[in-house]
Amino acid sequence: MQQDYKENAAQKKFEEFLEYRKDLSEFDKRVEAGAIIQQIETVDIDKGFEKIQHRIDNKDKSVNLINYFIRVAAILSIPLLMITIWSLFLQNKTYTNHTDFSWQELSSPVGMRSQIILPDGTKLWLNSQSTIRYRIPFVNESRIVELKGEAFLNVMPDEEIPFLVKAGTTQVEVVGTEFNVKAYPEEENIEVALLEGKVKFAAINENQQKYLELSPGDYMVFNKSEGQAKRIKTDVEKYAAWRKNVLILDETPIEEVAVLLQRWYGVKVVIQDEELKKYKFTTTFENESLFRVLELLELSSPDIKVKYTPGKVNDQFEKTNQSTVLITLKTKTPM
């Protein structure tokens, strides 16, 4: 009976909240959204975990160490971090005051992949070590997202309001479609893979402007220093499979494999021998742990040896140095 009473009371409060929001002005709704965003940004996960640790009666360090590894295991067992963000206010599409907005920035750290729902209903998957930012209000004359890193987007169709993904001096314009954009600032190339719909890629700088329209099945690579774009027809799903926590290697050079492992698992990868740089790998990993991936890589090539060195942790369970993966050539025994 008491449980039913609590549930009814909670439902009543929720209904009252919905009724209250119906009477809010557009300005009040924007203020409310800004306050919620500020509250989200103040959440300190590590501090919360530390408080829980202090409440544990058993002070034995071995138990604390076990708790630490349980925490790490919990993080690693959720390789796809789902972050769903819904706008709590209706936006006015005729809003034209360009000075009355703020920026919302969202990042996916090393070793994590995130799913975000933008205020217009667009679904966006953010790969590890990637950041997006967009203006609030989001829907105006155009929907603009600035990207550093890699993202897969399922854009909510709206023929009147185009959707733009900006990466440096390039941009991808869409109406409603599914596509993947890879644009890490430190990398030489920008890549776009189109699964459905149609997009227009634009590279704009002081000297020239280049445009390229893509159709489903198109994969485009744009070299930033040369200012040249190449487009091919291929199986583009492999470029977007990461959103499903699937890592596909297709004749992938070992140096690119090293970068992928660093981003996916938050480790430092060192390729010790220059001769290893000619090695390429073709395989698929689906929801695999780092240790399983390293094991399979070593088994796939009898000439390489993989050594994992865990990072050190101090008494406060703070990582003092990064875990390292060392890839070397096996020593050949003389005949």
Inset, instruction - Consider Glu173 carefully, then state whether it is in a strand (DSSP E or B) and either without any contact (Cβ under 8 Å) to a residue 12 or more places away in the chain or of a type in the set (Asp, Glu) (or both). - result: yes
Inset, instruction - Please go through region 282-293 and pick out each residue that is in a strand (DSSP E or B) and either over 24 Å from the mean Cα position of the chain (by Cα) or not hydrophobic (A, V, I, L, M, F, W, C) (or both). - result: Thr282, Thr283, Thr284, Glu286
Inset, instruction - From Val257, Val221, grab the single residue that is within 23 Å of the chain's Cα centre (by Cα), touching a residue at least 24 places away in the same chain (Cβ under 8 Å) and within 30 Å of Glu159 (Cβ to Cβ). - result: Val221
Legend entry - Selected residue (criterion: nearest to the chain's Cα centre (by Cα)) from residues of region 110-123 that are under 21 Å from Tyr265 (Cα atoms) and aliphatic (A, V, I, L, M): Met112
Inset, instruction - Please work out which residue is farthest from Ser130 (Cα to Cα), limiting yourself to region 153-204 and to residues that are among the small types (Gly, Ala, Ser) and within 21 Å of the chain's Cα centre (by Cα). - result: Gly176
Legend entry - Out of Lys230, Lys268, Lys224, sole residue that is closer than 30 Å to Thr170 by Cβ, out of contact with any helix residue (DSSP H, G or I) (no Cβ under 8 Å at 6 or more places or on another chain), at pLDDT 90 or above and surrounded by 14 or more Cβ atoms within 10 Å (Cβ to Cβ): Lys224
Inset, instruction - Inspect region 131-149 for any residue being basic (Lys, Arg) and more than 30 Å from Leu261 (Cα to Cα) and give the result as yes or no. - result: yes
Inset, instruction - May I ask you to say which residue of Glu160, Glu213 is in a loop (DSSP other than H, G, I, E, B) and at pLDDT below 95? - result: Glu160
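Each row is one residue, and each column tells you yes or no for (1) within 24 Å of the chain's Cα centre (by Cα); (2) modelled with pLDDT of 90 or more; (3) farther than 25 Å from Tyr184 by Cα.
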| site | (1), (2), (3) |
| --- | --- |
| Lys244 | yes, yes, no |
| Asp250 | yes, yes, no |
| Leu261 | yes, yes, no |
| Lys280 | no, yes, no |
| Glu295 | no, yes, yes |
| Lys305 | no, yes, yes |
Inset, instruction - Could you tell me which of the residues Val236, Val293 is over 21 Å from Met220 (Cα atoms) and buried (at least 17 other Cβ atoms within 10 Å of the Cβ)? - result: Val293
Inset, instruction - Kindly indicate whether any position in region 191-198 is β-branched (Val, Ile, Thr), assigned to a strand (DSSP E or B) and at pLDDT below 95. - result: no
Inset, instruction - Kindly indicate whether any position in region 171-178 is assigned by TED's automatic domain parsing to the domain that holds Ser130 and over 22 Å from Arg243 (Cα atoms). - result: no
Inset, instruction - Would you be able to tell me the number of residues in region 105-157 that are assigned to a loop (DSSP other than H, G, I, E, B) and not polar (S, T, N, Q)? - result: 15
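The values are calculated or read from the model by the stated rules, or taken from the named source; none is laboratory data. Because the structure is a prediction, the values reported are computed rather than measured. In this analysis, Cβ positions are derived from the backbone assuming ideal geometry, glycine residues included, and neighbour counts consider all displayed protein chains.
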